[in-house]
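Step one of this worksheet: look at the structure below.
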Amino acid sequence: MFIADFVTRRIKSQMQELTLQQAIDLCQVPDSFNEQGISRALQFIVKETNLPLDKWTVQERIVALFHYITAQEKGDWQLVDNGSVTDYLIEQDYPETPYIFQDDGDLFHIVPLTGEYVEAIERATDSTRGKWILAAMAATIRAENDDFDGIPDERISENMTRLLALPESVFNRFLAHFQAAQIHLAHCVNIDFHDDGIILLPKGGTGLPPVRFQFDEVLEQPTIALWRKLDEFSANNLLTTQI
């Protein structure tokens, strides 16, 4: 299978096709650990990259797998009923600046969510949208003179504790900035959060639903049939509840 280089503003990488053994290994990842599955799929698929995989953003990780599947399908492919992958892609690339805001005299930055942090969020959260958003805020909101040098799990745990201790009105101000930051930082695809984690939003005017892209979309159906063990069900769980 020929796969063109995957290139963005920040990334120049080369990809290779999964081996059968690698595909079988991916089949063992529970679908409830989707971010871990995305990370493992990229570790197998990306042969060379100028930027370490754990520094790729959530959005870059997803479109990298889109790029791989497009090579598999030899062109555009169906992501949801009546909608293709191009209905979810946006033209913006990685933002040139973080989102900056001030609260009570203190300056804060909000940065894009990266692979190492979204995996830590997945480990730290239960299946509630509020917990995912709280953990994403803990991962991406940084004080001006932030000198944290620990592991992502520690940052998220410590910052979640700080956020939970805020007065409700103060937290809601931070939440409003976090939501505004998602627009400022948007690139490759528009993301949001749901009970099960990261979801993709369609481009405006398409009338298509949000969708949770699953890592096992990179696997071929015969491989899935033979080796995949699902928690419940997988493969692009359409969202029918309001978000």
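The values are calculated or read from the model by the stated rules, or taken from the named source; none is laboratory data. Being a predicted model, the structure only gives us computed values, none of them experimental. Reconstructed Cβ throughout: ideal geometry from the backbone, glycine too, with neighbour counts over all protein chains shown. The accessibility values were calculated without ligands, DNA or RNA, using every heavy atom of the protein model including side chains. Shrake-Rupley method; radii C 1.70, N 1.55, O 1.52, S 1.80 Å.
So here's what we get for this one:
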item: Fraction of accessible area attributable to carbon and sulfur, the range 99-186 (%, probe 1.4 Å); result: 50 percent
item: Hits among lysines - C-alpha to C-alpha of Lys229 under 20 Å, sequence gap 8 or more where chains match; result: none
item: The chain, relative contact order [Cα under 8 Å, separation at least 6], %; result: 25 percent
item: Solution diffusion estimate, µm²/s, Stokes-Einstein, the chain, Kirkwood Rh from C-alpha pairs, 20 °C, viscosity 1.002 mPa s; result: 114 µm²/s
item: For the chain: accessible area per residue (Å², 1.4 Å); result: 50 Å²
item: Measure of compaction for the range 98-200 (Cα Rg per 2.2 N^0.38 Å); result: 1.00
item: Cα-based Rg / Dmax (Å) for the range 146-196; result: 13.3, 35
item: Point-to-point label distance, Ile151-Ile100, nm (Cα→Cβ direction, 7 Å offset); result: 3.4 nm
item: Sparse-neighbour loop sites [GluC sites (Glu not before Pro); the range 1-108; at most 12 other C-beta within 10 Å; DSSP]; result: Glu91, Glu96
item: Using alpha-carbon coordinates, inclination of helix 168-184 to the longest axis of the chain, degrees; result: 40 degrees
item: Partner lysines for Lys12 [C-alpha distance under 28 Å; skip if fewer than 8 residues away on the same chain]; result: Lys47, Lys55, Lys74, Lys203
item: Stokes-Einstein diffusion coefficient of the range 54-114, Kirkwood radius over Cα pairs, 25 °C, 0.890 mPa s, in µm²/s; result: 174 µm²/s
item: Rg over Rh, two decimals, the range 1-106 (C-alpha only, Kirkwood Rh); result: 1.03
item: Ellipticity estimate at 222 nm from DSSP helix runs (n ≥ 4, -39,500 (n - 2.57)) divided over the chain, nearest 500; result: -12000 deg cm²/dmol
